[in-house]
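One structure is given below, encoded as structure tokens.
The values are calculated or read from the model by the stated rules, or taken from the named source; none is laboratory data. Please read all numbers here as calculations on a predicted model, not as lab measurements. Methodologically, a virtual Cβ is constructed for each residue, glycine included, from the backbone with ideal geometry; neighbour enumeration extends over all protein chains shown. Only protein heavy atoms, including side chains, enter the accessible area calculation; ligands, DNA and RNA are left aside. Shrake-Rupley method; radii C 1.70, N 1.55, O 1.52, S 1.80 Å.
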Amino acid sequence: MITETPSHYDNLEQMSIHDLLVNINNEDKTVPMAVEKAIPQIEALVMATVERMRNGGRLFYIGAGTSGRLGVVDASECPPTYGVPFDMVIGLIAGGDGAIRKAVEFAEDDSKQAWHDMQAYTLTPQDVVVGIAASGRTPYVIGGLQQAREFGCLTGCVVCNPGSAVAAACEFPVEAVVGPEFVTGSTRMKSGTAQKLVLNMLSTSIMIRLGKVKGNKMVDMQLSNIKLQDRAAKMVMSELGVSREVAEELLAKFGNVRGAIEGYSA
């Protein structure tokens with residue numbers, strides 16, 4: 001597998017700190033180009049996912065280790081950013097939530113566990129399941145995708161090796177092939193960065209197509225801290241040409257930027 005091939009660099013322990021940082025950065029610069037090559041695959045997955053979610057489907061991410069954590073992070077950011085329900089985008093990691101902080105030994109090797117984990121959310125054929133696995137061979141992900149696909153769910157993946165078992169298990173594979181890691185096999189590095197970029201593109205594009213952005217603004221975001229309340233007030237002031245006092249009154253009344261703008265206009 002390409003993700004396991006030897007690093008382009010050797011004798012890392014003999015490098016100066018400066019050289020380590022420069023060389024890691026040089027490797028990281030190649031990641032966006034690898035993701036760019038996968039845009040047609042990402043586009044196909046986004047289009048298919050939006051269609052399902054417009055009809056009530058949800059988006060599930062399943063993964064293990066770093067890949068699983070990235071899915072959990074992306075899913076957890078959707079409700080505060082776009083005001084969607086917490087069960088609209090769901091991240092599942094092999095070994096359960098405890099594995100987010102501490103690795104659970106051999107959790108990724110159970111090919112039946114992902115399907116079991118999804119059952120806690122009453123999976124339906126309208127849902128979308130995206131497997132995340134840098135190697136493309138994680139049993140937890142392969143098994144989950146196979147069973148979800150048999151059940152009727154739309155299936156996709158984000159992997160960093162071409163021609164993988166994970167890609168074969170789904171309908172809409174995304175392959176971001178970034179090449180050898182700086183530290184051989186350490187896929188939390190370039191592979192993890194590529195997966196994060198793809199997930200950003202995937203969830204952001206989906207939410208925009210679902211109408212959760214107006215212009216370039218997060219009009220449905222949750223006003224859950226002072227920073228977001230301030231951002232919301234500035235959005236309303238800019239859109240409506242009102243004072244901050246009026247903007248804050250509208251936000252207090254309607255609960256979010258979209259409500260404030262539409263309520264004022266009405």
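Numerical summary
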quantity: Hydrodynamic radius (Kirkwood) for the range 83-168, which is based on Cα pairs only, to one decimal in Å; calculated: 13.3 Å
quantity: Protein-only accessible surface order, largest first, of Lys37, Lys112, Lys234 at 1.4 Å; calculated: Lys37, Lys112, Lys234
quantity: In degrees, nearest ten, helix 244-254 long axis to first principal axis of the chain (Cα); calculated: 80 degrees
quantity: Neighbourhood net charge (12 Å Cβ-Cβ; Lys/Arg +1, Asp/Glu -1) for Ser7; calculated: -3
quantity: Percent accessible area from carbon and sulfur atoms, the chain, protein chains only, probe 1.4 Å; calculated: 52 percent
quantity: Cα-Cα separations in the range 109-150 greater than 12 Å, expressed as whole percent; calculated: 55 percent
quantity: Karplus 3J(HN,Hα) series, Hz, for the range 218-229 with 6.51 cos²θ - 1.76 cosθ + 1.60 (x for Gly, Pro); calculated: 7, 6, 9, 4, 7, 8, 9, 7, 4, 4, 6, 5
quantity: Dimensionless Rg over Rh [the range 207-266; C-alpha; Kirkwood]; calculated: 0.94
quantity: With Cα atoms, 0 to 90° folded angle of helix 17-28 axis to the chain main axis; calculated: 80 degrees
quantity: Shape box of the range 166-228 [Cα atoms, principal axes, largest first, Å]; calculated: 43, 31, 18
quantity: Translational D in µm²/s for the range 192-242 (Stokes-Einstein at 4 °C, 1.567 mPa s, Kirkwood Rh from C-alpha pairs); calculated: 103 µm²/s
quantity: Theoretical ellipticity at 222 nm over the chain - DSSP helices of four or more residues, -39500 (n - 2.57) apiece, nearest 500; calculated: -15500 deg cm²/dmol
quantity: Estimated translational D of the range 1-60 in µm²/s (Stokes, Kirkwood radius over Cα pairs; 10 °C; 1.306 mPa s); calculated: 105 µm²/s
quantity: Coarse-grained scattering of the range 133-258 at q = 0.14, 0.18 Å⁻¹, given as base-10 log I(q)/I(0) from a Debye sum over alpha-carbon atoms; calculated: -0.75, -0.89
quantity: Normalised alpha carbon radius of gyration of the chain [divisor 2.2 N^0.38 Å]; calculated: 1.12
